[in-house]
Amino acid sequence: MKITALKTFVVPPRWLFLKIETDEGISGWGEPVLEGHAETLATKIRELEDFLIGRDPMLIEDIWQMIYRNGCYRGGPVLMSAMSGVDMALWDIKGKAYGQPIHALMGGQVRNKVRTYRWIGGDRPHNLIADARELMAAGYNACKFNVTEELQYIDSYAKVDRIVGQVAELRDAVGTALDLAFDFHGRVHAPMARILLKEMEHLRPIFVEDAVVSAHVDVMADLARETSIPLCIGERLHSRYDFRQVFEKRAAGIINPDTAHVGGISEMVRIGHMAEAYDVPIAPHCPLGPIALAACLQVDAICYNAVIQEQSLGIHYNKGGDLNDYLAPASRFKVEDGFLPIPQGPGLGIEVDEAVVAERAIDGHKWRAPIWRHADGSIADW
């Protein structure tokens, strides 16, 4: 079997899909997306054609190593996100060729379903109680939300009180029926992160995500020693080499690597097993499309320490397209009692509706992260 073509589709709301075709008629799908940079990733995929056309798609690890080690510059969000899409598609091809789900080819599943959560409240937290109640009515028992908008390095206690008060109202409204994960989204600097963690500890989040930006692993480690809240890091790290210092410095109680950003299923499984050696669970990050979620579910099936899976069914970003819009009816995702089932079909276990993909790709998208500014006019972290 040989690879004959790589085709990309920029589709709304903010995704990039990849189809890898072979000379035996078996095709695989991947999602090589980096939010806000779909066109950049499509260009990177075109560059990789020179290395992939004519290759045996069954040699997944050799292809992974070839792409990663080619040239002087390794890692980083663009290369690893492109590799992620390729890796997903190659595993999809291999699973279809053998008539088995990917998890069956990687040792077999350790669970048949995984707990799941999704975002509420939008970029700037609002309508949290109504969104939470709607989520509970849909069968969820966990959610995540941004706890704050812009924060300066040192900000006011009036703002701290407003942040804590809003989250306390949500906790009072849902009690313990809905587990809450707080996302600082890397928009909080160390001085304010320390204050907020202390002020919010009694609200009992299941974790706090990106308490500071992921570049500040030493700061995260300091914060982890000062709070009982599990701190979560990972969506902006791109390989096992990035995660090594997180584990060695005990900077996180839970990690959320993204299968679409770390080099695909192959690297995600390696990171998951590496985390298990440090008694750290994984909660894969995935506010993305259906192919990325299907890839995550293969990882959840294999990694014993996978505890909860993010997904984006119906979130605020999904204007112009949602996950199930791109799937055949029989393989659409459905949350039941707070869980997603592990796909059992061959490959990724989903059937992509290529006609819908091609139609939506005509208009595509140009999604960009918003630009925020502080009151003094300086750029704020989004």
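No lab work stands behind these numbers, since they all come straight from the coordinates. Since the structure is predicted, the reported quantities are computational estimates derived from the model, not experimental observations. Because the Cβ atoms are built from the backbone with ideal geometry, glycine has one as well, and the counts that use them run over all protein chains shown.
Tabulated results
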{"item": "FRET efficiency, Glu226 to Asn127 (Cβ-Cβ, R0 30 Å, nearest 0.05)", "result": "0.40"}
{"item": "Given Lys44/Lys96; Lys44/Lys94; Lys319/Lys366; Lys144/Lys366; Lys144/Lys249; Lys44/Lys319, the pairs whose alpha carbons are separated by over 18 Å", "result": "Lys44/Lys96; Lys44/Lys94; Lys144/Lys366; Lys144/Lys249; Lys44/Lys319"}
{"item": "Per-selection Rg to Rh, region 226-382 - Cα, Kirkwood hydrodynamic radius", "result": "1.01"}
{"item": "Gain on full stretching of the segment that runs from Thr176 to Arg162 - 0.36 nm per residue minus C-alpha separation", "result": "2.9 nm"}
{"item": "Convex hull volume of region 255-299 per residue (C-alpha atoms, cubic angstrom)", "result": "56 Å³"}
{"item": "Extension gain, Cys72 back to Glu359 (0.36 nm per residue minus Cα-Cα distance, nm)", "result": "99.5 nm"}
{"item": "Neighbour-count order for Phe145, Phe17, fewest beta carbons within 10 angstrom listed first", "result": "Phe145, Phe17"}
{"item": "Likely footprinting exposure, Thr8, Thr259, fewest C-beta neighbours within 10 Å first", "result": "Thr8, Thr259"}
{"item": "Cα convex hull of region 3-100, projected area averaged across orientations, nm²", "result": "6.0 nm²"}
{"item": "Ranked list, fewest to most other Cβ atoms within 10 Å of each Cβ, for Asp172, Asp50, Asp87", "result": "Asp50, Asp172, Asp87"}
{"item": "Coarse-grained scattering of the chain at q = 0.08, 0.10 Å⁻¹, given as base-10 log I(q)/I(0) from a Debye sum over alpha-carbon atoms", "result": "-0.39, -0.61"}
{"item": "Förster radius 25 Å - calculated FRET efficiency between His273 and Thr4, Cβ distance, rounded to 0.05", "result": "0.15"}
{"item": "Amide N proximity, region 176-205 versus Ile154 label position 7 Å along Cα-to-Cβ, cut-off under 17 Å", "result": "189-196"}
{"item": "Volume per residue that the Cα convex hull of region 328-375 spans, once the total is divided by residue count, Å³", "result": "165 Å³"}
{"item": "At R0 = 30 Å, FRET efficiency that the Cβ-Cβ distance of Glu248 and Glu201 yields, to 0.05", "result": "0.70"}
{"item": "Fraction of beta bridges assigned by DSSP in region 104-347 that are antiparallel (%, nearest 5)", "result": "15 percent"}
{"item": "Expected 222 nm ellipticity per residue - DSSP helices of 4 or more, -39500 (n - 2.57), all of the chain, to 500", "result": "-12000 deg cm²/dmol"}
